[in-house]
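One structure below.
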Amino acid sequence: MRTKIAIIAAVVAAMAPLTAARAASPVSAASPTHQAAADPTRTPASPSYTVSLTGNATGGTWTGHESVNFTNAAATPLTEVYLRLWDNYHGSCPSTPVTVTNVTGGTAGALEVGCTALKITLPAPLAQGASGTVGFDLSIVVPSGADRFGHDGSYYFLGNALPVLAVRDASGWHLDPYTNNGESFYSLASDWTVTLDHPTSLKVPATGTSTDRAGTSGRTVTTATAAKVRDFAWAAGPFAVTSGTSPGGVKVNVYRVSGISATSATSMLNTATAALDAHAQRFGAYPYGEADVVLDNNFWFGGMEYPGFVLDLVSSTALAHELAHQWWYGIVGDDEYNSPWLDESFADYATDLYQGNTGSGCWNGVSWASSAEKITNSMAYWDAHSGRYSTVVYGYGKCALHDLSRVLGTTAMTKLTHDYAQSHWYGVSTTAEFKAAAQSLTTTDLTSFWTQHRIDG
Ligand SMILES: [Zn+2]
């Protein structure tokens, strides 16, 4: 998100003092929590979320209920689940903007990791293949600020506001801290049905596809459904909207705040449709039917990606980047905290391809700050070296992929990125799997290539 922002080096550079100031003191909780593990199967699997919320007159406060059904895919029994309440980073723990109460289907523990994690112990261990459901009442109060979770005047942005299940894998439970510099979000592909009861005067762009029905007087009930997405985001406000459909058949809705012109919206609509089709041609058809682009010229970052929903400045480069995340992070997931390059470098590389940039000679500009600096470093590292995050993960990262293309040849590189996306569709990418996929396409030993480009794992 936003942070992720990144996208535009200039924007990031301008914001650097802010991001540095805001970054949480890094990292004590950098790694997955210890716990059992060794069972590599990612679980709880196949989450299915049902959410019903009522917004107040402004769209800044939402209350209601959420439940999630899930299956234990692992051989190791599942004795608990964790909810990630990511936006509690924006509060003053234990005072939180996202409040979960009246938990059913398990016993809630105390909030952990700066109020961003809540353990729910299940009534009995779930065996492999067995399913469970937890439910809870939910209250969300959006704070001030043109942010991925915040409001810019009467425009409210609710990224990462809905609690999502944490992932358990070979490393145990992933309970990494929130990062304001980028993303910590790691979740499995999930199904969502979200009902938003809101004033009819407010538009609510959202993940998925939406249908409206009349609510009580002056209100509309919007039901958004989405399949195989990793998160759900929405916005609320008196947005103006411009819509169109790409030649490839993707519906795009561009929402804008009052300070952005219709001309800018049309330009961004044209970028969105072209970029979505270009990315789809390279990596596989966009599976979500439509995409919402929400424009605000006051975001302190270039853009932020959510499934079927992106926040953006009026910047075609940032928009092409955020839409590339639909594939790299969205369709092909990754552990964004421990391997941010797997979505950021790839999204920037896809943006270059879309713009016709070949990255010729780009590696000549690489200059490492230290022997510890690597493209594959985690957000724990980048939170402690935030001034280098964009340069290395976005800039050097995409250049490394351009260099890989030069080693493999463009035909093999095209095949690699396409086939790798296909083989990880709705799954999770890892550095080791990407490296193996690349190696399988060439007789050249890539060991020294990975070493030179500082791609470890
Ligand atoms: Zn990004």
Counting just the residues of segment 125-149 that are under 30 Å from ARG256 (Cβ atoms) and among the polar types (S, T, N, Q), which one comes out least open to solvent (accessible area, probe 1.4 Å)?
SER139
Failed criterion for ASP231 (all others in (1) open to solvent by 50 Å² or more (accessible area, probe 1.4 Å); (2) under 19 Å from TRP327 (Cα atoms); (3) in a loop (DSSP other than H, G, I, E, B) hold)
(1)
How about segment 305-355: which of its residues are part of a loop (DSSP other than H, G, I, E, B), open to solvent by less than 10 Å² (accessible area, probe 1.4 Å) and farther than 15 Å from LEU276 by Cα?
ASP334, GLU336, TYR337, PRO340
Quick check on TYR426: is it touching a strand residue (DSSP E or B) at 6+ places or on another chain (Cβ under 7 Å), farther than 21 Å from PRO177 by Cβ and aromatic (Phe, Trp, Tyr)?
yes
Please go through segment 273-310 and give me each residue that is within 16 Å of the ligand (Cβ to nearest atom) and under 21 Å from ALA227 (Cβ atoms), ordered by number.
LEU276, HIS279, PHE283, ALA291, VAL293, GLU305, TYR306, PRO307, GLY308, PHE309, VAL310
Residue under question is ALA226, and the condition is that it be closer than 17 Å to ALA45 by Cα and either modelled with pLDDT under 95 or not in a loop (DSSP other than H, G, I, E, B) (or both); does it hold?
yes
Of (1) assigned to a loop (DSSP other than H, G, I, E, B); (2) surrounded by 24 or more Cβ atoms within 10 Å (Cβ to Cβ), LEU196 satisfies every one except (1)
Checked SER390, SER316, SER345 against criteria (small (Gly, Ala, Ser) and farther than 27 Å from VAL252 by Cα); the one match is SER390
From the list SER187, SER210, SER217, exactly one residue is surrounded by fewer than 22 Cβ atoms within 10 Å (Cβ to Cβ), in a loop (DSSP other than H, G, I, E, B) and without any contact (Cβ under 8 Å) to a residue 60 or more places away in the chain. Which is it?
SER217
By residue number, the members of segment 61-79 that are in contact with a strand residue (DSSP E or B) (Cβ under 7 Å, 6 or more places away or on another chain) and surrounded by fewer than 20 Cβ atoms within 10 Å (Cβ to Cβ) are THR61, THR63, GLY64, HIS65, SER67, ASN69, THR71, ALA73, PRO77, THR79
Check whether at least one residue in segment 141-163 is small (Gly, Ala, Ser), farther than 20 Å from PRO97 by Cβ and modelled with pLDDT of 95 or more, and report yes or no.
no
May I ask you to list the residues in segment 81-99 that are in a strand (DSSP E or B) and surrounded by 20 or more Cβ atoms within 10 Å (Cβ to Cβ)?
VAL81, TYR82, LEU83, ARG84, VAL98
Would you pick out the residues in segment 314-335 that are touching a residue at least 60 places away in the same chain (Cβ under 8 Å), more than 13 Å from the ligand (Cβ to nearest atom) and not acidic (Asp, Glu)?
ILE331, VAL332, GLY333
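The values are calculated or read from the model by the stated rules, or taken from the named source; none is laboratory data. All figures in this text were calculated on a predicted structure; none of them were measured in a lab. Note that each Cβ is placed from the backbone with ideal geometry, even for glycine, and that neighbours are counted across all protein chains shown. Calculation scope for accessible area: heavy atoms of the full protein, side chains included, ligands and nucleic acids excluded. Shrake-Rupley method; radii C 1.70, N 1.55, O 1.52, S 1.80 Å.
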